[in-house]
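Remarks on the structure that follows.
The values are calculated or read from the model by the stated rules, or taken from the named source; none is laboratory data. Everything numeric in this text was worked out from a predicted model, so none of it was measured. Cβ atoms come from the backbone with ideal geometry, glycine included; neighbour counts cover every protein chain shown. Please note that ligands, DNA and RNA were not included when accessible areas were found on the heavy atoms of the full protein model with its side chains. Shrake-Rupley method; radii C 1.70, N 1.55, O 1.52, S 1.80 Å.
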Amino acid sequence: MKEHVYRIVVPTPFPVGNVNMYLIKGDSLTLIDAGVKTKEAWHSFQQQLRQIGYAPSDIDQVVITHHHPDHVGLLDYLPDSLPVIGHWKADRWVRQDEAFFQQHQRFFEQFLLECGVDRLFLAELSHLRGSLRYACRRPLTATIKEGDLLPGLPHWKVIETPGHAQSHVVFYRETDGAMIGGDHLLLHISPNPMMEPPFPGETERPKPLVQYNASLLKMRDYDISFVMTGHGEDVTDVSALIEKRLRKQRERAEQVLDMLKQKPHTVFQICQKLFPAVYQKELMLTMSETIGQLDYLEENGAVRKKKENDYYVYEAVEGSICG
């Protein structure tokens, strides 16, 4: 059977704008990603389904690329009996597990203090769950991992691409080089590698920007003809975009390194300099970007950190970014 992939575009309330979903007719009718939980998105989704000859009840399964609200929200409008498949690290997010969120809060309270954030800003943590009103609240029914083939879609291989989210995966069809890429590689914007707490059994927090760069480099191992993205148009010149993203990343890190060559800084001090206009309103987003740059520099031997009192201070190592 020749598979057909349909793109369905629904609105979101987020600055990123519309989000893409994909419907694949294979051995089963599979929805890749599930939009955002708003009535506007639900009505748009149903209308576009009708235009291609389907109804929500025709869908056999949903597979998610990652757990962010704009990719899972409409699951709450779909039948409870519908199988939902994703990376195992997505499950505690889509279930909205209360014990996890309490751990999440404790982790970030401690982490932000170690980054030199003033306690006055910790009130921001109470708003962290605000965007989850647009997400779903249901468990995964099955999980996928690196190298798996999608159930009902045996031509599509799972590739783990952590960075933007710890649960992020993409799907690759070797027969024609097609990839469904979620938010891993977007044409017009570089996705934010978001901080997350460690998972049970992990002794250190994830370093999402380091992971993201590694996931970009991993794409070089595949002959990709085009990427169907989570937002915006397809990416057709994949190699060139990967090189552009990696080059821009190095330039941003050099900017941070220049600050540290002047004098040592805490993470929060750098965040305030990088994002003077928005850090108070978008503390977690800007801190994720800032710690990502420092993780990158530390990984490449350009900076080192030391603990002073209750927080870490970063200083430049003589030389520049290695590698």
Residue list for the stretch 167-210, restricted to those being open to solvent by 50 Å² or more (accessible area, probe 1.4 Å) and more than 23 Å from PHE101 (Cα to Cα): GLU174, THR175, ASP176, LEU187, HIS188, ILE189
Residue in the stretch 12-34 that is of a type in the set (Lys, Arg) and out of contact with any strand residue (DSSP E or B) (no Cβ under 9 Å at 6 or more places or on another chain) present: no
Elements of type helices (runs of 4 or more DSSP H) in the stretch 216-316, at least 3 residues being under 30 Å from PHE171 (Cα atoms) and in contact with a Cys (Cβ under 8 Å, 6 or more places away or on another chain): 283-299
Among the residues listed as ARG92, ARG106, the single one being at pLDDT below 95, under 18 Å from the mean Cα position of the chain (by Cα), of a type outside the set (Gly, Ala, Ser) and open to solvent by 20 Å² or more (accessible area, probe 1.4 Å): ARG92
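Every residue, every condition in (1) modelled with pLDDT of 95 or more; (2) among the hydrophobic types (A, V, I, L, M, F, W, C); (3) part of a loop (DSSP other than H, G, I, E, B); (4) over 18 Å from GLU146 (Cβ atoms), yes or no:
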residue: ILE189; (1), (2), (3), (4): no, yes, yes, yes
residue: MET194; (1), (2), (3), (4): no, yes, yes, yes
residue: GLY201; (1), (2), (3), (4): no, no, yes, no
residue: PRO206; (1), (2), (3), (4): yes, no, yes, no
residue: GLN211; (1), (2), (3), (4): yes, no, no, no
Residue in the stretch 121-130 that is surrounded by 15 or more Cβ atoms within 10 Å (Cβ to Cβ) and under 19 Å from PRO206 (Cβ atoms) present: yes
Contacts under 7 angstrom Cβ, first residue in the stretch 1-28 being polar (S, T, N, Q), partner surrounded by 17 or more Cβ atoms within 10 Å (Cβ to Cβ) and modelled with pLDDT under 95, 6 or more apart: SER28/GLY152
Condition check for ASP310: touching a residue at least 40 places away in the same chain (Cβ under 8 Å), among the acidic types (Asp, Glu) and open to solvent by less than 40 Å² (accessible area, probe 1.4 Å): no
Selection within the stretch 1-43 - out of contact with any helix residue (DSSP H, G or I) (no Cβ under 8 Å at 6 or more places or on another chain), surrounded by 18 or more Cβ atoms within 10 Å (Cβ to Cβ) and not charged (D, E, K, R): ASN20, TYR22, ILE24, GLY26, THR30, LEU31, ILE32
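So is ILE242 in contact (Cβ under 8 Å) with a residue 40 or more places away in the chain and more than 26 Å from PHE107 (Cα to Cα) or not? Give the steps one after another, and end with the answer.
Details: in contact (Cβ under 8 Å) with a residue 40 or more places away in the chain: yes; more than 26 Å from PHE107 (Cα to Cα): yes.
Against the criterion (in contact (Cβ under 8 Å) with a residue 40 or more places away in the chain and more than 26 Å from PHE107 (Cα to Cα)), ILE242 qualifies.
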Pairs where the first residue, in the stretch 96-113, is under 17 Å from GLY292 (Cα atoms) and in contact (Cβ under 8 Å) with a residue 12 or more places away in the chain and the second is among the aromatic types (Phe, Trp, Tyr) and open to solvent by 20 Å² or more (accessible area, probe 1.4 Å), C-beta under 8 Å, 6+ apart: LEU112/PHE121; LEU113/TYR311
Tally of residues being farther than 13 Å from LEU209 by Cα and either at pLDDT below 90 or in contact with a strand residue (DSSP E or B) (Cβ under 6 Å, 6 or more places away or on another chain) (or both) across the stretch 286-303: 1
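What do you reckon, is TYR54 open to solvent by 30 Å² or more (accessible area, probe 1.4 Å), aromatic (Phe, Trp, Tyr), over 18 Å from LEU140 (Cα atoms) and without any contact (Cβ under 8 Å) to a residue 60 or more places away in the chain? Talk me through it step by step, then tell me what you get.
On the way: open to solvent by 30 Å² or more (accessible area, probe 1.4 Å): yes; aromatic (Phe, Trp, Tyr): yes; over 18 Å from LEU140 (Cα atoms): yes; without any contact (Cβ under 8 Å) to a residue 60 or more places away in the chain: yes.
Answer is yes for this residue.
Mind checking which residues of the stretch 258-289 are out of contact with any Ser or Thr (no Cβ under 7 Å at 6 or more places or on another chain), touching a residue at least 60 places away in the same chain (Cβ under 8 Å) and not hydroxyl-bearing (Ser, Thr, Tyr)?
From the stretch 258-289, those out of contact with any Ser or Thr (no Cβ under 7 Å at 6 or more places or on another chain) are 258-266, 268-269, 272-273, 276-277, 280-289; that's our starting set.
With the extra rule that they be touching a residue at least 60 places away in the same chain (Cβ under 8 Å), the set shrinks to 266, 268-269, 280, 283-285, 287-289.
Once the filter is applied, which keeps residues that are out of contact with any Ser or Thr (no Cβ under 7 Å at 6 or more places or on another chain), touching a residue at least 60 places away in the same chain (Cβ under 8 Å) and not hydroxyl-bearing (Ser, Thr, Tyr), the stretch 258-289 yields PHE268, GLN269, GLN280, LEU283, MET284, LEU285, MET287, GLU289.
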Which listed residue, of LEU82, LEU78, LEU74, is open to solvent by less than 30 Å² (accessible area, probe 1.4 Å), more than 19 Å from MET194 (Cα to Cα) and free of Cβ contacts under 8 Å to residues at least 24 places away in the same chain: LEU82
